[in-house]
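The values are calculated or read from the model by the stated rules, or taken from the named source; none is laboratory data. As the structure is a computational prediction, the values presented were derived from the model and not from experiment. Cβ placement follows ideal geometry from the backbone for every residue including glycine, while neighbour counts extend to all protein chains displayed.
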Amino acid sequence: MSDTYRISVTVNGQRHEREVEPRLLLSDFLRHELGLTGTHVGCEHGVCGACTVLFDGEPARSCILLAVQADGHAITTVEGLSPGPEQLHPLQEAFWECHGLQCGFCTPGFLMTLVPFLEENPDPSETEIRQAISGNLCRCTGYQHIVDAVKLAAERQASRSAGPTPTPGRAA
């Protein structure tokens, strides 16, 4: 029986191959093997949401997944959200503008939960937003600023999707 397993996982669009111990958590693999420390570890029981990543596009708690389970899969971490080194993802911008973060510990988990939520639900109600974030814990914000940030990001996405509004009196 082998003490390690060879895995190949695509993280933020880049393929990584590593020998890992069978009990290595995905969160520890991301943080310690790949140096992606944006994935935070809070409760280590899958309850707080701080470790949320996208696993094949779906939110997943990396503290309750093993690295070997990610073999052959695509993982996106918070570091993979922004389009470039000097740019923020639109949801990150909205969090910043609406003060949706304070200490920032929970923020990556919220972002990774909300990106696919907004893709599936581009015009969410406040109730739907609160339900979507109900699995993520924050000790600082009181959640209202997070809800406001999600609403702002959704509004901006809708206006980008609609394209420019024709000026009255001009041909479109």
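Quick notes
- Among residues of the range 80-107 that are touching a residue at least 24 places away in the same chain (Cβ under 8 Å) and outside the structural domain of R15 (by TED's automatic domain parsing), those with a beta-carbon under 9 Å from a residue that is assigned to a loop (DSSP other than H, G, I, E, B) and charged (D, E, K, R) at least six positions away or on a different chain give the pairs Q102/R139; C103/R139; F105/R139; C106/R139.
- Test result for A74, crowded, with 22+ Cβ neighbours inside 10 Å and either in the same structural domain as V11 (by TED's automatic domain parsing) or among the aliphatic types (A, V, I, L, M) (or both): no
- Flag if H32 is outside the structural domain of G109 (by TED's automatic domain parsing), assigned to a helix (DSSP H, G or I) and not hydrophobic (A, V, I, L, M, F, W, C): yes
Residues are listed down the side, and each one gets a yes or a no for (1) on the phi > 0 side of the Ramachandran plot; (2) loosely packed, with under 15 Cβ neighbours inside 10 Å; (3) out of contact with any helix residue (DSSP H, G or I) (no Cβ under 9 Å at 6 or more places or on another chain); (4) not in a loop (DSSP other than H, G, I, E, B):
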position: P22; (1), (2), (3), (4): no, yes, no, no
position: S27; (1), (2), (3), (4): no, no, no, yes
position: L36; (1), (2), (3), (4): no, no, no, no
position: C63; (1), (2), (3), (4): no, no, no, yes
position: P83; (1), (2), (3), (4): no, yes, yes, no
position: A94; (1), (2), (3), (4): no, no, no, yes
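Here is a yes/no grid of residues against (1) surrounded by 20 or more Cβ atoms within 10 Å (Cβ to Cβ); (2) modelled with pLDDT of 95 or more; (3) more than 16 Å from the chain's Cα centre (by Cα); (4) not aliphatic (A, V, I, L, M):
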position: V115; (1), (2), (3), (4): yes, yes, no, no
position: S125; (1), (2), (3), (4): no, yes, yes, yes
position: C140; (1), (2), (3), (4): no, no, yes, yes
position: L152; (1), (2), (3), (4): no, yes, yes, no
position: P166; (1), (2), (3), (4): no, no, yes, yes
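- Residues (surrounded by 12 or more Cβ atoms within 10 Å (Cβ to Cβ) and in a loop (DSSP other than H, G, I, E, B)) located in the range 127-136: I133, G135, N136
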